[in-house]
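Report on one structure; see the data block that follows.
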Amino acid sequence: MVTTKRTPKRTPKRPSSSEGEEPAAPEVDPDQHPATLDDCRRCPLWANATQGVPGAGPRRAPIMMVGEQPGDKEDLQGLPFVGPAGALLDDALVEAGVGRKEVYVTNAVKHFKWTPRGKRRMHKTPGQREVDACRYWLDQELESVGAHVIVALGATALKAVLEDPKSRLQDSIGKVIEHGDRLVVATYHPSFALRAPDPETRHRAYAAIVAALQDAKKLAQRRK
Ligand code: URA
């Protein structure tokens with residue numbers, strides 16, 4: 001099991017003020033088998049993150065939720081879904097009648113990928129190579145948590161969970177996908193429900209997340 005940390009071991013990484021300076025190429029070894037997230041050099045994302053963000057939740061859980069990657073707040077706190085997207089997810093869990101403490105929450109990619117905009121760190125979608133490299137950690141979590149039902153939050157999570165870079169979120173929403181001995185329920189990423197340009201889309205995305213969590217709960221109960 002990947003252990004949970006709450007305090008950054010490294011100074012938070014911030015956009016550099018020295019523009020034009022080429023950063024040193026980060027150390028990478030895609031075949032590395034690190035013992036801890038902080039030792040992970042399987043892809044370059046470790047270099048600009050404050051820390052690796054492992055999953056959080058019970059050691060064993062019937063439901064696992066998988067997001068994309070930690071955001072700014074998660075990178076600083078070392079915990080998944082503690083920022084604005086996490087607040088929306090918490091509301092959706094309450095509405096669906098699922099306790100956050102009953103589910104294991106993690107991300108497809110464990111280091112924050114960002115690009116500077118002024119002093120801010122803006123989210124950057126992880127590439128397939130980074131998702132593949134991080135599968136090393138997701139596999140360990142899937143194995144140790146033993147969840148029968150996986151909720152994939154957004155396209156990156158769906159591709160990671162199904163191990164299929166061609167899978168499309170739009171084709172999967174509202175369906176239960178059998179994947180090996182697990183059931184995968186796909187829905188929108190909470191950030192989409194927060195940031196979609198019009199209120200109607202945001203409302204529909206939020207309702208779809210709640211519906212997916214309700215489906216996951218029913219599927220997990222059937223299995224008891
Ligand atoms: N978005 C994610 O996908 N995961 C988090 O932990 C936070 C925001």
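Observations on the structure shown:
- Hydrodynamic estimate: the Kirkwood radius of the stretch 46-223 over Cα pairs, inserted into Stokes-Einstein at 4 °C and 1.567 mPa s, corresponds to D of 81 µm²/s.
- DSSP assigns beta bridges within the chain; of those with both partners inside it, close to 40 percent run antiparallel.
- Proximal aspartates and glutamates to LYS218, defined as alpha-carbon separation beneath 18 angstrom and excluding residues fewer than eight positions away on the same chain: GLU95, GLU102, GLU178, ASP181
- Selected from LYS166, LYS73, LYS175 as most flexible by GNM, with the chain as the system and alpha-carbon contacts under 10 Å: LYS166
- Of PRO70, PRO80, PRO126, the one that fluctuates the most in a GNM where the chain has Cα springs shorter than 10 Å: PRO126
- The stretch 7-125 gives an Rg/Rh value of 1.01, both radii derived from C-alpha positions and Rh following Kirkwood.
- In summary, the lysines within cross-link reach of LYS13, defined as a Cα separation below 29 angstrom excluding same-chain residues under 8 places away, comprise LYS5, LYS73, LYS110, LYS113, LYS119, LYS124, LYS159.
- Förster radius 41 Å - calculated FRET efficiency between LYS218 and ASP39 (Cβ-Cβ, nearest 0.05): 0.55
- Sorted on the mean count of surrounding Cβ atoms within 10 Å across their residues, most packed first, peptides 106-114, 215-223, 196-204 read 106-114, 215-223, 196-204.
- Degrees between helix 199-223 axis and first principal axis of the chain (Cα, 0 to 90, nearest 10): 70 degrees
Bear in mind that the values in this text are calculations on the coordinates, not laboratory data. Bear in mind the structure is a predicted one, so any value in this text is a computation, not a measurement. Don't worry about glycine lacking a Cβ; one is built from the backbone with ideal geometry, like all the others, and counts go over all protein chains shown.
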